[in-house]
Amino acid sequence: TAANFGLGTWPARRARISPQAVALVEGDRSRTYAVLADRTARLAGHLAAQGVRHGDRVAYLGVNAASTFETFFAAWLLGAIAVPLNFRLSGPEIRYMLADSGSSVLVHSPDADALLAAAEPLPETVRVRIPAGPAFEAAVADSAPPERVPGVAMEDPAVLLYTSGTTGRPKAAVLSHGNLTWNTVNQLAHIDIRPDERALCISPLFHATGLGQITLPTFLKGGSVEPVAKFDVGEILRRIGEARITSFSAVPTMLQMMCEHPYWPAADLSSLVTVVYGGSPVQERVARAWLDRGVRLQQGYGMTEASPGVYMAPPEGATEHPVSVGVPHFFTDVAMLRDGSVVAPAGEPGPAEQAGAPGPAAPGELLVRGPHVFQGYWDRPGVSDEAFVDGWFRTGDLLAVGADGWATVTDRVKDMIISGGENVYPAEVEAVLLQLDEIANAGVVGVADARWGEVGAAYLQVREGADIDEAAVRTHLEANLARYKIPKYLVFVTELPANATGKIRRVELRARAAGLAAPEGNL
Ligand code: ATP
Ligand code: MG
């Protein structure tokens, strides 16, 4: 047989070490590694019988479930490519992703029925549909493992993962077996995941964080993973205590909702050791609320294209630097792009240091290189080429790296506002706005301005039942920010455009803001 060290072999490899250890928990049922290996091999047999071959795409649409993992492992065993789809999208968006990926199989959970109906007609490439539930179970029970598994190379694609679409139309990053394996090694070097881990899989599995941050590392170590279908805050807080959960990964919005929930003070978090989070900026008070509960809180910074980890805070530093993303991962190189040249990031003299001021060097666009960084986007050769400079992936993010190598995320390059020649980072202004208890959410974008080139426009969502006026917001801004950073326009809205993980879609806000500056307003 040809060599196959791909992700699809993990259940069987783990079953050699700890066959009776629990791999998956769902409701009151659990599956050992021996059972997981057997079931995924049978499902692979079923897929092979349906004509699935090496390189074919197998899509999954549905909430996090045991069947999600079983579908992925089965596809991977055959060298097929898993395509996790975001169930929060609309019908036409799902149709676009099925067509874009050229998926031939679609496994879907029952809750996806309405969404699939809205996605009709499905692209012709979709030949096989397997609804999770009885049909999925029959496919497992009635099939035998494939007679022959093909060789799978570490460079072979394992998943097509669509980016969040924060800056435009989602594109599928092609992540190989090697990319995800190296990311797993990187996570394990930073996070203490053990064979008795009981991880709650809250982050959706159609994002790289859901798959890469805790889940795959836990499978490698032989711990158990409990997929969570729905983000019900009270229920999750209760479940952590009941199931003696030891770790989970989340986005900041989730951490905030949890620590603001009425059940939070009474929740039993005594089993919880590690909470890893990332994906968007966190408010310091949210980080503090979790640190105060005695958990190891580790912020990660990464992106779909990096499988996803690039930086992660070691637990020791979190109390001192609660909003830092820490240091680069073990097998990760970072650099910065300054005036078109690739330069080393840490310790370089930036304007702030030249002026003798303390704090991190001036932010620059972060470049990343490593065995976990993808090769390119699916079917977008031009976009893929632009994504790299001298072999480094351009993250599009501005990071400030201190002399000790610890970094903070400043903002995205494209979101930076240049007002009267000064750089204004929307994320910084938003963080100041969010210090006000009355403000539930804030989004700041640039608008063209005759006098300053660009000025800021802040969209503010007031907390339910709270009351605040423009004058009070301005007083707070003036007390905490340089004048040139203060948005010219303050707009109160009932809701901000955000994507599934709570990231503000500034593209949409920019389109709205373009209408704010009436010519006569620009004096
Ligand atoms: P798209 O690429 O489609 O526009 P996206 O970049 O939001 O969407 P993801 O790959 O899910 O898609 O997110 C990665 C991005 O999230 C990073 O490039 C960065 O801008 C942001 N990000 C990740 N981690 C953090 C963090 N800890 N703090 C602040 N921002 C973060
Ligand atoms: Mg991106």
### Task
Give the Debye-formula value of log10 I(q)/I(0) at each listed q (0.06, 0.09, 0.12 Å⁻¹), with one equal scatterer per alpha carbon of the chain, two decimals each.
-0.29, -0.66, -1.17
### Query
How much FRET efficiency would the formula 1/(1 + (r/R0)^6) give for ALA479 and VAL507, where r is the Cβ-Cβ distance and R0 is 45 Å, rounded to 0.05?
0.90
### Message
Cut-off under 28 Å on the C-alpha distance; same-chain residues fewer than 8 positions from LYS230 excluded. Which lysines are left, in chain and number order?
### Response
LYS171, LYS221, LYS503
#### Entry: Label-to-label distance, nm, for residues given as ARG29 and ASP232 (7 Å Cα→Cβ offset)
1.9 nm
### Message
For ASP192, ASP156, give me the order by solvent-accessible area with a 1.4 Å probe, most accessible first, ignoring ligands, DNA and RNA.
### Response
ASP192, ASP156
### Query
So, in nm, how far is label ALA114 from label ARG194 when the simple model puts each one 7 Å beyond its Cα toward the Cβ?
4.3 nm
## Note on the structure
Carbon plus sulfur, as percent of the 1.4 Å-probe accessible area of the stretch 30-162, comes to 56 percent
### Nearest-0.05 FRET efficiency for ARG169 and SER271, computed from C-beta distance (R0 35 Å)
0.25
### Summary
In nm, the gap between the two label points placed 7 Å beyond Cα toward Cβ at ASN423 and HIS261 is 3.9 nm
### Query
What's the carbon and sulfur percent of the stretch 187-246's accessible surface, probe 1.4 angstrom, rounded to a whole number?
51 percent
### Summary
Heavy-atom accessible area of the stretch 423-487 with neighbours in place, 1.4 angstrom probe: carbon+sulfur share in percent works out to 44 percent
### Query
What accessible surface, in Å², does a 1.4 Å probe find on LYS221, ignoring ligands, DNA and RNA and rounding to the nearest 10?
70 Å²
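Whole number in Å², please: accessible area per residue of the stretch 1-89, 1.4 Å probe, ligands, DNA and RNA not counted.
Result: 35 Å² per residue.
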### Query
What order do ARG288, ARG29 take when sorted by accessible area (1.4 Å probe), most exposed first?
ARG29, ARG288
### Query
aspartates and glutamates near LYS414 by alpha-carbon distance under 14 Å, same-chain residues fewer than 8 away left out - which ones?
GLU365, ASP397, GLU454, GLU508
### Message
Counting other C-beta atoms within 10 Å, and keeping those with at most 16, which DSSP coil GluC sites (Glu not before Pro) do you find in the stretch 210-270?
### Response
GLU260
### Message
Tell me the relative contact order for the stretch 41-107 as a rounded percent, counting alpha carbon contacts under 8 Å between residues six or more apart.
### Response
43 percent
### Summary
Shape call for the stretch 387-454, from the Cα gyration tensor axes a ≥ b ≥ c (a/c under 1.5 means rounded, otherwise prolate when a/b beats b/c, else oblate), comes out oblate
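The values are calculated or read from the model by the stated rules, or taken from the named source; none is laboratory data. Quantities reported herein were computed from a predicted structural model and do not represent experimental measurements. Using ideal geometry, Cβ is built from the backbone for each residue, glycine included, and neighbour counts are taken over all protein chains shown. These accessible areas exclude ligands, DNA and RNA; they are computed on the full protein's heavy atoms, side chains included. Shrake-Rupley method; radii C 1.70, N 1.55, O 1.52, S 1.80 Å.
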